[in-house]
Amino acid sequence: RAPNPTRQAVSARANDRQTADWEATGVTVVRSNLQYPPQWPSQPAAEKGIDVALAVNVVKYAMLGNIDAAIVFTSDKDIPPAIELVYADTPCHVELACWSGGRRLRFEGTQAPWCHFLKESDFLSIRDLTDYTGPNPVRMSQPSSEVSPSGDAGASESCHAWSAARSEEHTSELQ
């Protein structure tokens, strides 16, 4: 989710730089704004509806034939109907992923879809360690602060999708 530049100027600029950096590699980034409560900043902004937005986008891209495959990272039990629609009604190959020890989702009465169980070391091995807060992104070899997959950098109930597009682009949902 993208911070509002009038409320969080530094974070919004960093998010814009990260989006530009990822798009330069062929990724299509789909963003929406953070939701700010009336008590902000004493109460933090929140990601609202990200699971539904991800489900809608996966279905949309699959129905349009823009993706060949999607891996959706979730344990949210409201997501399977959208994934089942993609699985049953499109040529898109779909799989799920969740944290090791997490709840595996499957279609009723089946073992489908395939589910990947990831550990913290998996997350850390692909984590973007770039510092986007300055005017020129700086790639770091070590994280500037430790954030576990269950923290802000990768909440276990959040959804991410990595999808290879039929064109030469790649589609990725970011939170």
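The values are calculated or read from the model by the stated rules, or taken from the named source; none is laboratory data. Remember, it's a predicted structure, so these values are computed and weren't measured experimentally. We place every Cβ from the backbone using ideal geometry, glycine too, and count neighbours over all the protein chains shown. These accessible areas exclude ligands, DNA and RNA; they are computed on the full protein's heavy atoms, side chains included. Shrake-Rupley method; radii C 1.70, N 1.55, O 1.52, S 1.80 Å.
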Discussion item. Under the rule a/c < 1.5 gives rounded, and otherwise a/b versus b/c splits prolate from oblate, where does segment 1-64 land using the Cα gyration tensor?
Written reply: oblate
Discussion item. Per residue, how large is the accessible surface of segment 1-127? Use a 1.4 angstrom probe and give square angstrom.
Written reply: 57 Å²
Worksheet entry | Sequence-distant residues sharing a close amide H with residue 70 (under 5 Å, placed H) | 93, 94, 95
Worksheet item: Applying 1/(1 + (r/R0)^6) with R0 = 30 Å to the Cβ-Cβ distance of residue 29 and residue 89, what FRET efficiency is obtained, to the nearest 0.05?
Response: 0.70
Worksheet item: Classify segment 11-148: rounded, prolate or oblate, from the alpha-carbon gyration tensor (a ≥ b ≥ c, eigenvalue square roots; a/c under 1.5 rounded; otherwise prolate if a/b is larger than b/c)?
Response: prolate
Worksheet entry | Karplus-derived 3J(HN,Hα), 6.51/-1.76/1.60, for each residue of segment 15-20, Hz, glycine and proline x | 5, 4, 5, 5, 4, 4
Worksheet entry | Carbon + sulfur, % of accessible area of segment 1-130 - ligands and nucleic acids excluded, 1.4 Å | 55 percent
Item to complete: Could I have the simple spin-label model distance between residue 100 and residue 124, label points 7 Å from Cα toward Cβ, reported in nm to one decimal?
Response: 1.2 nm
